[in-house]
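Bear in mind these aren't lab numbers, they're just calculated from the coordinates by the rules spelled out. Remember, predicted model here, so these are calculated numbers, not experimental data. Here the Cβ is made from the backbone with ideal geometry for all residues, glycine too, and neighbour counts use every protein chain on show.
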Amino acid sequence: MAQNLLLFGTRKGLVTYHQKNNGNWEYRDTQFLGAPVSIASYDQNTGTYWAFLDHGHWGCKLHRSKDGKNWEELEAPKYPEGEEIKEGIPASTKLLWAFSNGGSDRPGTVYIGTEPGGLFKSTDNGDSFELVRGLWDHPSRKTQWFGGGRDHPGIHSILVDPKDSDHIYIGISCAGVFETLDGGANWHPMNHGLQAEFLPDPSSEIGQDPHLVDWCKANPKVMWQQNHCGIYRTVDGGANWADISQPEGPANFGFAIAAHETDPEVAWVVPGVSDEMRVAVDNALCVCRTEDGGKTWKALRKGLPQSAVFDITYRHALALQGEKLAFGTTTGNAYMSMNNGDSWQTLNTNLPMVHSVEFAVVD
Amino acid sequence: MPTVKFTSNLKRFYPNLAPLRVKGNTVAEILKEVEANHAGLRDYIVDENGVLRKHVNIFIGNDMVSDRQTLQDTLAENDEVYIMQALSGG
């Protein structure tokens, strides 16, 4: 019988909640206790659980499982000998930071995005990985990509077109959004309209800082991004981005964004105070929702704490499934809404720092 | 042959880890032998460029290795090599 799970990748392990028959969510177990989990995910295509570990001492590790309890360590993606991040700086995997399957027509194809900016592809469900050369060899990479918050550029978003598995977007901090139409052989930037306040030329095609990119799965020409410099939306597949931030906030700075699966006018963000502070806006927690393509935003606060709050929600820590939303924060709080964010219930106030949140429907 | 001893922290991932006597004239060479005995363990100690991970230390006797990039410190017949977790984070 299908079961609803909620996977939290946290600083101290993979924490799983499950939905009981009465509809309530309950803690189930913790895997990899003590180990930082940068991403926890479930691939519906193959029924595989994935956990990306970021051992501070021992490097990044990749694990997969068929049941979420018994895990197998695989060789994590590695940069080929001689590759460089920049001239004279050897490339090595610093963080496994994004996961996607390769499309429903290609079970066993998976992508992993990493810091320092390499995208890796497996066609054997993780037994082996290859660096996607077309992106790594992009002429802009060595000279125009750079780290934002981390030491080196990192791929945090991978979007595979549900109708064409050779059509993929990625988001890189800091470089911007790139698109391929041929399965990864050739890539081009798609950043027109973005404004990077931290660059001498804010409208530079390369060097933008999307924090996360998402899209309306039913209408993937409509894409959204929470950017370092605001919130942006495109209706033409990334050719032109429009700033849809609230000038006076709170929907402005943040990391996470979730696009409605079928309604291209609807998305959610979890705002924070801009880069130098990184705390909740006005020491209160809210999720902002737009229902008109970003023309207006509504702050949703019912059930969320409204005083003495410091939480930030990281980019992969807001999850959506139908009308359900869940997010986890830097200070270990986790919240769930069953009604599009109109009201929230507290799942946990004692988690470790939360890196990622994902709903999964498993057999 | 030098003997390699491991921090107990690595037993979390390799529960059967015990001191190993392995052939090798340099630290890099003995890490190859370590890998041959415990598949995947080398990845916990060095990155894909063979560079010692930031928070891992290797000692030969009481002396920390000087070459963290290519691990060319040389070993004598009866040296003991310690693979340790660096103290970091307080």
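Taking the radius of gyration and the Kirkwood hydrodynamic radius from Cα positions alone, what is the Rg/Rh ratio for region A:239-363, to two decimal places? It would help to have the intermediate numbers written out before the result.
Numbers: Rg = 13.8 Å, Rh = 14.5 Å.
We get a ratio of 0.95 for region A:239-363.
Over the Cα atoms, compute the radius of gyration (one decimal) and Dmax (the largest Cα-Cα distance, rounded to a whole number) for region A:77-170, in Å.
13.2, 41
Apply the Kirkwood formula to region B:3-85: the hydrodynamic radius equals the inverse of the mean of 1/r over all pairs of different alpha-carbon atoms; give it in Å with one decimal.
On the way: mean 1/r = 0.0797 Å⁻¹.
Mean inverse Cα-Cα distance, inverted, gives 12.5 Å.
Grab the alpha carbons of the protein assembly as shown, take their convex hull, and tell me the volume per residue in Å³.
Per-residue hull volume (Cα only) is 146 Å³.
At each listed q (0.16, 0.19, 0.25, 0.29 Å⁻¹), what is the log10 of I(q)/I(0) that the Debye formula gives for region A:273-318 modelled as equal alpha-carbon point scatterers?
The computed values of log10 I(q)/I(0) come out as -0.50, -0.69, -1.02, -1.11.
Add -39500 (n - 2.57) for each DSSP H run of 4 or more in the protein assembly as shown, then divide by its residues: what number comes out at 222 nm, to the nearest 500 deg cm²/dmol?
Theoretical 222 nm ellipticity from helices: -1000 deg cm²/dmol.
Could I have the simple spin-label model distance between B:Glu35 and A:Thr123, label points 7 Å from Cα toward Cβ, reported in nm to one decimal?
The answer from the label model is 2.6 nm.
When DSSP assigns beta bridges and you keep just the ones with both residues in region B:3-85, what percent turn out antiparallel, to the nearest 5?
Taking every DSSP beta bridge with both residues in region B:3-85, the antiparallel ones total about 75 percent.
List the residues of region A:242-269 whose backbone N lies under 15 Å from a point placed 7 Å from the Cα of A:Glu197 along the Cα-to-Cβ direction.
Residues passing the 15 Å test: A:243-255.
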